[in-house]
Structure formats: structure tokens, C-alpha cells
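**Q** Please see the structure below; I have some questions.
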Amino acid sequence: MTQYHTINSRAPRIDAPDKASGKAQFIDDLNMSDQLHGAILQSPLAHARIVKIDTSRARKLPGVKAVVTAEDAGLVQYGVSPARYDETLFCHDKVRYIGDEIAAVAAVDRETALAAVSLIDVEYEELPLLLSVEEAMKEGAPLIHEDYPGNICAEVHQEFGDVEAALAECDIVRTDTFMNKMQNCAFLEPQGCIGHYDHRGYLTLYSSTQTPHYVQRTVAMTLKMPIGKVRVVKPYVGGGFGAKASANAMEMVACLLSMKTGKPVKMVFTREQVFLQARGRHKFVHTLTTGAKKDGTVVALKHNCILEGGAYASFGIATVYYAGSLLGGPYKLQHMKYDAYRVYTNKPACGAQRGHGGVIARAAWEQQLDVIAEELGMDPVEFRFKNMMNNGDTSCNDLYMSSFGMRECVEAVRDKSGWERKRGTLPRGKGIGMACGFFVSGAGFPIYRSETFHCTATVKLSEDGGAAHLYTASAEIGQGSDTTFAMITAEALGVPLNAVKVSSGDTDFGVDLGAYSSRQTLMTGFAVKHAAEDAKRQVLEVLADKLRISVSDIDVKDGTVIFKGPGITFRTIRNRYRKEHRGWTDMPDDAPLSFAEAARLAFIVKGTVIGQGEYRPRWLGGKFKGAAVGTSPAYGCSAQVVELRVDMETGQITIDNMTDAHDCGFAINRTSVEGQMQGSLLMGLGEALFEEVKFDQKGRMLNPNFGEYKIPTALDMPNVTPIIVESNEPYGPYGAKEVGEGAIMPTIPAILNALYDATGIRFHELPLTPERVYKAIKEKQCEAKAERGRK
Amino acid sequence: MKIVINVTVNQKNYELAVEPNMTLVDMLREELRLTGTKKGCGLGECGACTILLDGQPVSSCVMLAVEAHNRKIVTIEGLETEKGLHPIQQAFVEKGAIQCGFCTSGMVLSAKALLDDHPHPDEQDIRKAISGNLCRCTGYQKIVEAVQSVSEGEQTS
């Protein structure tokens, strides 16, 4: 096996000291000396026609510098996918949810801006509310968007193989319906931004975003600016999980207000605004019909799904495809049919959240597979072994498994959790369950159709040769990508980690589609590796030329030049270096030739050494409609065993143990991979047990805060046994692929399956609140009593 | 009308004129530019704004600046010395307890309050002590391990 000096280790994160000491700057920590503060008027009604907007009182308030509405902003439509641009910067004809943006103010301070917003008079004509998919899909229902009949934002109809014929030949066919509730990404840092339009007509937007590149394009489009004059800079970001993966209205409003006033304009969401901006997990209703043979072979899946999308498309067109395509793995399935609708309602828009589109489908199906295994008298682990895909397999929907450690994952959690010892032996009220997961390692295509590189990277060596500076537009949002890329640079260049500096998250540094779809380690990592190798090649070429040897006879490791042949003398190079660095403290003496010396030589000979790398996926399969959503250069997979306890008197669930294995291809940073696994499991646990955004009959959100929208605390989350499986992905840098999102996949179904083991009850609705669990336990007890009575 | 208060922050005495409705977190962030204290919810629910007030961890977003009159405050900026990071900070760095870092300041201070009172807490004590500090990234495990490592003397500085 290759020996690496930096990657595959547990190197501490390069940003950790700044974050530990409070020095790391997030958006709200940035201020400009002459900045104004912005505030947005958001709709108090969920569905209404705008009759009149009167801003005259707001304009007269002392300290107000600008008031803008759709009249100033124009009506350029934007959104996430060009196929569904259904938003304008401000509402002009109607409002579609409570929180929809109507106008905005820039003023000398926050208080004045807020006061001015309250002085904007809007006359509304209320429209009928559509607060569920049933209401929205009803014949003759009013339309939320005139262009979308039936309030259908998007629909998908796909069939691979012949599902009806296959089901007819199955020995067991089972249909179940399963649903979740709308969720919030609930990152700790509220979105914020500063828009700054300068005297030369250049616009700089500082924003807490996951995707500087897409924000740059959206801002340029809506504000009608050339892309080259718009720069998006991402400071440290306090988590995103999907909701920060597209441009939000606040970002464009801040830029517009800055263009109007000539001053930087700052805005930060309140927690309530974070909830209203939403763009997290949809509410899904999945109906799955699965057919299997007596020997346990799963043959066919008929899948219907309805997604409640809220007022705008956001990522929804991708979500509705992912909800189907991601069931193409990790099992061999010959026949799959998928019919789905994403429906508009008068609620905040749903979008992408960790495990985009696939999490609830996975929960529903993995639970159903458990039921089928039980009916066939098979152990759930054996049942999965029987059906899982292997390296080199292609799914019925054309997803190619270039590396696939599914079997290793299942074996690992089975053995580490004590599955065989515990399964079937736990007392009533205690349960153990398992499930598998599957996810893309980066979307195969950009959100807009384009031949663009998905990422570019630049490695610039310092003139003294002692440091390498990586420039990438990728987004460190907490997942550790800066550290990952510093480690890849160090390894590929052959220098120690502390010789690498990273500048990231700035559109001036190149193109990078950003932090979504679990793409950066594979895609950006690939570009970074190539950039570092390019810089190294340039240095070695100069060195080889000077020494009159071949480049292939030299390598670099951990800062030291290694000559493969004997008798190479580099005395002249060293003497030159020593001469011009007289007085320096780090003079090389009897040591082997350092990379710094070689890099200095390269600078003297040819000027600044700049290595460049880029990445674009190879051609990926699938010619059918929608094939672009789900195809990926590689796929991650995972397995999990959960042990839990249920208080049979209260319905309260306690998760005691989680054993999780994830095939990340190759761990660039082992601690970071584990951190992604543990964090994913936390989010899955919260969604399974208590997370739900609630509304009243007027469409008002009832719990836009952490007091009532519960996310797991340190007391809810057990210790996780994380197991890293490395299948060596041929298309990933050093064999690496995703972990950030795929790791959440098995959590909810493993909890459901463990809950069944504990209670004998199958649940088909999330979250598993004590009320829901208690009611089910009592119903079951009543049924059992009635049954005994009949006997 | 502004009110004058005397307050000690990170062992430095300040005389400040503050609005009566200014929160303590805003005073720290806006008046003293100590932006290491974060604002995550503004309602005392997430713990990102945790500071030590006379040694006790409190949410500075639900306290008024005037309530800090004649009291001693420690913020995250007060932990580092010329020698470097505080052992708890160092442990967070080494154990991988930091991802996005937005909860870190509050988390470290809650841990400090615990360890100052109970130098050898068990795992459950640690989990209770940080249960008012929400983290959406780490699953808490590496944070708990970091605090444990300090109590077990793994960290010195």
C-alpha cells in the first residue's frame, strides 16, 4: 500500500485554532465603517393579492436612505434550476406565503430600518389558502402560480424494466405508505450578508453561503450586472446543510440597496427569518409496492410520491427526481417505476437538506424491506446480503458503482454491534434494528446546463519556495473542506501540511459549484490534487534540467527531494540558495535537498510557479428524462445498527447505541470523516424522533425557534461507533468519495426497525413523538385484549 | 437615555454608557468588538452566546447589559494567554470537536464552568453541562471526548 505522509491521518483542522479562540469571523462579525443596515418587509398573509404598496411614510423617516420594491428591483425571474425560475426579488402581484418579501429599507441603523419597514403600508386582498397538497391538488383549486396548472410544480414519470409484469411473478408483494413532516436545516448561524457596490461599479457580496458560484450568477442575473463585476465572498459559515445552497432574497436585496445608496448594506436574519426562509426537507408521502421472490430476491419496486413544496420551486425539481432515483441503489433491482408530483402550497419553500430527496424514501423502503425479510423468515442482514450491489454493477436506472463497499459496511456493523448475539433476544421495550444507505458523490451535472468545469484550483508557490498557497472557490461551511484540500495539496506537492495555506470561498479564486450534493472532496479534491501536481511538475522540471537528470528520477516527500539514483550532487543549488538567504534562520546544511530549495530555483528560472487543476465529470450514463439527477461520478454507501429503549408507559424513545459504517472510498482526514458520520446521525435522530415545522390554519409557522422546534442536545445523542470503510474509488482523488450526506441515510430506518423490534409495531409517520408511540402501544394493547376476549 | 455601568470583561475594567434595552451580547459584540460570542437565536435557546458571569455560564442574549453592572465576565477571548490556547480550547482543536465553530465559544465556556467546579466529571456530567449548547454539526461525541481529555489531564499548556 502507498505510504502517505499527510492524508489518511487525523491532522487537526487548520481552522480549529481560530474557531476555538473566537477569532474566526462569520458574517455577523464583519462590519464596514460606513455601512447601512437593511430590513425586509415580509408578508403577514399566506396568500393575497397586493392591491397597493405605499412607501411614502417610510421614506420620510429620518435616517432612511433607500426604500425599494418590485418597481426598483424589476421582475427578473430567478430560482435554483432554470427550468423552474418562479421567484422575483420582491412580490409585485401577490404574496404566496407568510414571509414572502415585499419591500426593503436601508437606514443608518437596524432600529431605524425596522421602524421604517413598519411604516410601509400594503393593501391586500386575501385569497383562498392552500395549506396541504390535498387542497392544492383539488379540482378547481386556485393557482398559486398562474403558469403551473393544478399547482403542480414538477412531475416525474419513469419506468425501468416492466414493473407490472415483474410484480405479477413475485411470491410476495407488499404496499406501504410512509410520511414525514417539513423540516428545518437548523444550522446554528443565521444567514447574513453585506452587499457593497463600489465607485467603479463592482459589486462585492459577503455572504454566509454554501455556493458562492451560484449566488454570483443569480445576483448578476437579477440585478442585470455582468458576472465579472460581481464577486461573492464567503467568510466562515456556521453550517448550511442545504438551506444555504442557493441565493436568497436577502443577498440580492442587500446588493440592490447598496447600488441605490452607494454604501455597504448589512443584513442578518433573525432565527424566525431562518425558519421562514426554510428551504429544508420537504414533506414526502411515499407509497411503495415492492415485490420479492421466495428466496429473498427483490425484483420490482413501484413507487409513488407526493412532495409538499411550499410556495416556490427552490431545489424542488431536483428533490422530486432524487426521491426516486436514489432507490436505484444499493440493491440489485431489475424493475423500478416512479411517479411523483411536487405540489405548491402557501407555506415557505422547501428545498435541499442533507441527503437531498432520498432520506424519507430510504426510511420508507428500508423499513418495508425489513417487513418483507420477516415475512420470508430471513434475517435482515442476510436479506440485504442477498440483494446488494457490488463493485462494477450498474443499477436499473443507469447508476454505475465504480467502487462499492456495501458488504464490508454491513459486515462491520453486524460484528461491531453484536447483532447476532442481540437480535431476537432483547426484552420487551428494547430493540435493535439495522438499515443501509446510498448516496451520490457529487451531482454529475451543474444546476444550470453547461459545459463548465465544476471546479478549478490554483496552487501558487511562494517566491522563497517555502510555502504553497491554494486558491479555490469551494465552500468551507464547517465540514472541513479547507483542511481536506490543504492535506491533498501537501500530499500531492510533497510538502508538510503546515507549509500549505488555503484561501477559499471567493469567486475571484476560480469556479467551484460549492458545498452541496456531497461533491467537494471528490470534485474539488480532484482539481486541487492536479493543481498541486502541476506545481510540483514545474519545479521538478527545472531541477532535473539543472542537474541534467530525468524528472522521473526525482520525487518529493514531506518537503524533501528524493533522488532515485545514486551520486546526485546538488551542492551548487544549495550554495546559491544559502548565498541569497544569508541571515535566514532555516538554512539547509547537511540535510537532503529541500523542496523549498528546488522551488526557489524554479522561481529564479521561470518566475512565479503556479499550478493549475480543474475537474469536470466524465460522461455519465442515462439517456432518459431526469437522468441528470442521480448520476454521479461515484456513490457512497453505508450501514447502521441502532439500539434503543422505549418507555412503554410514556412512549418516550431513548437511543442507546449507534454503530455506523460508511464507505467513503478513502478517508483524507479520518477525524473529519467520523465527524461527518456522527453529525449525520444526529440530524437523522432528530428527524426521526422530534423535528417537525408546524403551522396553524392561517399558514402561520407555530414553532420558528429552538424552544419549540427541537433539535437533539448532548443528552439525546448517544455515542456512535464510527467505522470507516475504504473501497478506493477509481474516479476520486486518492480513492476518496462522499461521506457528508450519505451517512444520514440509514439512521431513520434503523431507528424504525429497532422500534419495531422493541414494540412489535410498525410506524408509518414521522416524527416518532412520545404521543404517537404511546397511542400506538395503547392501540395494540387494546387490540390484543379484544383478541383475547374473542378467544 | 444611556446608563453608565462598570463591568469587568476578561479581567479588564470598563466604564460604558449603554442603552437600557441593550442586551449583554450586543454590548460585548458591538461596544467591545468581542465578536467571539455568537448570536444564534436571540432567545436564550441555542447557547451560542454563552459567557461566564461571575463564573457561571449564562446566555448573554437574554440578559441586559445593565444587569452586568459591577460583575465579572469572561468571554471566549479571555481564555487564551501568551502561552497559547487554554487546555480546553486545545482539546477541542485536537479531538476534532470543532466543525463549523459557531457553537464552539459557548461550548468551551460551558465546559470551563463545569471543569472549574468539578475537575473530574463523568460523561453524563459533561453531557448535562453542555446540554444547553446546541450543536448541529458534530453529534457532540468529539466535544464530550475533548472535555474528558482535559479532565483526565491529557491536555496541558
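The values are calculated or read from the model by the stated rules, or taken from the named source; none is laboratory data. Computed from a predicted model, the values in this text were never measured in an experiment. Positions of Cβ are generated from backbone atoms using ideal geometry, with glycine treated the same way; all protein chains shown enter the neighbour counts.
**Q** If I filter the range A:24-77 down to residues being crowded, with 16+ Cβ neighbours inside 10 Å and under 30 Å from B:THR81 (Cα atoms), which single residue comes out as nearest to the other protein chains (Cβ to nearest Cβ)?
**A** Out of the qualifying residues, it is A:ASP29.
**Q** If you don't mind, another one. Find the residue count for the range A:693-728, including only residues that are more than 12 Å from chain B (Cβ to nearest Cβ) and in contact with a strand residue (DSSP E or B) (Cβ under 9 Å, 6 or more places away or on another chain).
**A** Going through the range A:693-728 one residue at a time, the tally reaches 10.
**Q** Please verify whether the range A:201-222 includes one or more residues that are out of contact with any strand residue (DSSP E or B) (no Cβ under 7 Å at 6 or more places or on another chain), over 17 Å from A:ASP29 (Cα atoms), hydrophobic (A, V, I, L, M, F, W, C) and modelled with pLDDT of 95 or more.
**A** The answer is no, given that none of the residues of the range A:201-222 is out of contact with any strand residue (DSSP E or B) (no Cβ under 7 Å at 6 or more places or on another chain), over 17 Å from A:ASP29 (Cα atoms), hydrophobic (A, V, I, L, M, F, W, C) and modelled with pLDDT of 95 or more.
**Q** What do you reckon, is A:GLY478 within 14 Å of chain B (Cβ to nearest Cβ) and outside any helix (DSSP H, G or I)? Before the answer, list the steps.
**A** On the way: within 14 Å of chain B (Cβ to nearest Cβ): yes; outside any helix (DSSP H, G or I): yes.
Judged against the criteria, A:GLY478 is a match.
**Q** If you don't mind, another one. So, A:GLN652, is that one more than 25 Å from A:PHE526 (Cα to Cα), in the same structural domain as A:PHE439 (by TED's automatic domain parsing), touching a residue at least 24 places away in the same chain (Cβ under 8 Å) and surrounded by fewer than 17 Cβ atoms within 10 Å (Cβ to Cβ) or not?
**A** yes
**Q** State all residues of the range B:118-157 that are more than 9 Å from chain A (Cβ to nearest Cβ) and either without any contact (Cβ under 8 Å) to a residue 40 or more places away in the chain or among the basic types (Lys, Arg) (or both); if no residue qualifies, say none.
**A** Within the range B:118-157, B:HIS118, B:PRO119, B:HIS120, B:PRO121, B:ASP122, B:ASP125, B:GLN148, B:SER151, B:GLU152, B:GLY153 meet the criteria.
**Q** Does the range A:291-308 include one or more residues that are in a strand (DSSP E or B), among the hydroxyl-bearing types (Ser, Thr, Tyr) and within 19 Å of A:VAL163 (Cβ to Cβ)?
**A** So the first thing to find is which residues in the range A:291-308 are in a strand (DSSP E or B), and the list is A:291-292, A:298-308.
With the extra rule that they be among the hydroxyl-bearing types (Ser, Thr, Tyr), the set shrinks to none.
No.
**Q** Those residues that are in a loop (DSSP other than H, G, I, E, B) and touching a residue at least 60 places away in the same chain (Cβ under 8 Å), I need them from the range A:188-213; list them, please.
**A** Once the filter is applied, which keeps residues that are in a loop (DSSP other than H, G, I, E, B) and touching a residue at least 60 places away in the same chain (Cβ under 8 Å), the range A:188-213 yields A:GLU189, A:PRO190, A:GLN191, A:HIS199, A:SER208, A:THR209, A:GLN210, A:THR211.
**Q** So, A:ASP18, is that one outside any loop (DSSP other than H, G, I, E, B), under 30 Å from A:GLY316 (Cα atoms) and within 14 Å of chain B (Cβ to nearest Cβ) or not?
**A** Spelling it out, it is not the case that A:ASP18 is outside any loop (DSSP other than H, G, I, E, B), under 30 Å from A:GLY316 (Cα atoms) and within 14 Å of chain B (Cβ to nearest Cβ).
**Q** Looking only at the range B:73-107, which residues are more than 7 Å from chain A (Cβ to nearest Cβ) and either assigned to a helix (DSSP H, G or I) or touching a His at 6+ places or on another chain (Cβ under 8 Å) (or both)?
**A** B:GLY78, B:LEU79, B:PRO87, B:ILE88, B:GLN90, B:ALA91, B:GLY106, B:MET107
**Q** Being among the β-branched types (Val, Ile, Thr) and in contact (Cβ under 8 Å) with a residue 60 or more places away in the chain is the filter here, so list the residues in the range A:55-84 that pass it.
**A** Passing the criteria: A:THR55, A:VAL68, A:VAL76, A:VAL80.
**Q** Another question, if that's okay. Quick check on A:ALA107: is it small (Gly, Ala, Ser), surrounded by fewer than 24 Cβ atoms within 10 Å (Cβ to Cβ) and closer than 16 Å to A:LYS260 by Cβ?
**A** For A:ALA107, the condition - small (Gly, Ala, Ser), surrounded by fewer than 24 Cβ atoms within 10 Å (Cβ to Cβ) and closer than 16 Å to A:LYS260 by Cβ - is not met.
**Q** Here's something else I'd like to know. Looking for whichever is in the same structural domain as A:ALA527 (by TED's automatic domain parsing) and either buried (at least 24 other Cβ atoms within 10 Å of the Cβ) or in contact with an Asp or Glu (Cβ under 6 Å, 6 or more places away or on another chain) (or both) here; the options are A:SER481, A:SER462, A:SER441. Which one fits?
**A** A:SER481
**Q** Mind counting the residues in the range A:704-735 that are outside any strand (DSSP E or B) and either touching a residue at least 12 places away in the same chain (Cβ under 8 Å) or among the charged types (D, E, K, R) (or both)? Give the steps one after another, and end with the answer.
**A** Looking only at the range A:704-735, we keep the residues that are outside any strand (DSSP E or B), and these are A:704-719, A:726-735.
Applying the additional criterion that residues be either touching a residue at least 12 places away in the same chain (Cβ under 8 Å) or among the charged types (D, E, K, R) (or both) yields A:704-706, A:708-712, A:716-719, A:726-735.
Counting residues in the range A:704-735 that are outside any strand (DSSP E or B) and either touching a residue at least 12 places away in the same chain (Cβ under 8 Å) or among the charged types (D, E, K, R) (or both) gives 22.
**Q** Taking into account only those residues within the range B:37-72 that are more than 14 Å from chain A (Cβ to nearest Cβ) and of a type in the set (Gly, Ala, Ser), which is farthest from A:ASP28 (Cα to Cα)?
**A** Among those that are more than 14 Å from chain A (Cβ to nearest Cβ) and of a type in the set (Gly, Ala, Ser), it is B:GLY55.
**Q** All but one of (1) buried (at least 24 other Cβ atoms within 10 Å of the Cβ); (2) of a type outside the set (A, V, I, L, M, F, W, C); (3) touching a strand residue (DSSP E or B) at 6+ places or on another chain (Cβ under 9 Å); (4) more than 13 Å from every other protein chain (Cβ to nearest Cβ) hold for A:GLY732; state the number of the condition that does not hold.
**A** It is condition (3) that A:GLY732 fails.
**Q** Only one of (1) touching a Gly at 6+ places or on another chain (Cβ under 6 Å); (2) on the phi < 0 side of the Ramachandran plot fails for A:GLY665. Which number is that?
**A** Exception for A:GLY665: condition (2).
**Q** Out of the residues in the range B:8-36 that are of a type outside the set (Gly, Ala, Ser) and under 14 Å from the mean Cα position of the chain (by Cα), state the one that is nearest to the other protein chains (Cβ to nearest Cβ).
**A** Among those residues, the one meeting the criterion is B:THR35.
**Q** Could you please tell me which pairs satisfy a Cβ distance under 8 Å, a separation of 6+ or placement on different chains, a first residue in the range A:314-336 that is modelled with pLDDT under 95, and a second residue that is aliphatic (A, V, I, L, M)?
**A** A:GLY328/A:MET336; A:GLY328/A:LEU399; A:GLY329/A:MET389; A:GLY329/A:LEU399; A:GLY329/A:MET401
**Q** Out of all the residues in the range A:532-564, which are in a helix (DSSP H, G or I), of a type in the set (Lys, Arg) and touching a residue at least 60 places away in the same chain (Cβ under 8 Å)?
**A** Those that are in a helix (DSSP H, G or I), of a type in the set (Lys, Arg) and touching a residue at least 60 places away in the same chain (Cβ under 8 Å): A:LYS536, A:ARG537.
**Q** With the requirement that a residue be of a type outside the set (S, T, N, Q), within 21 Å of A:ARG217 (Cα to Cα) and more than 9 Å from the chain's Cα centre (by Cα), what does the range A:513-527 give you?
**A** Scanning the range A:513-527 gives A:LEU513, A:GLY514, A:MET523.
**Q** Also, quick follow-up: Being of a type outside the set (A, V, I, L, M), surrounded by fewer than 24 Cβ atoms within 10 Å (Cβ to Cβ) and closer than 30 Å to A:GLU649 by Cα narrows it down to one of A:ARG421, A:ARG407, so name that one.
**A** From the options A:ARG421, A:ARG407, the qualifying one is A:ARG421.
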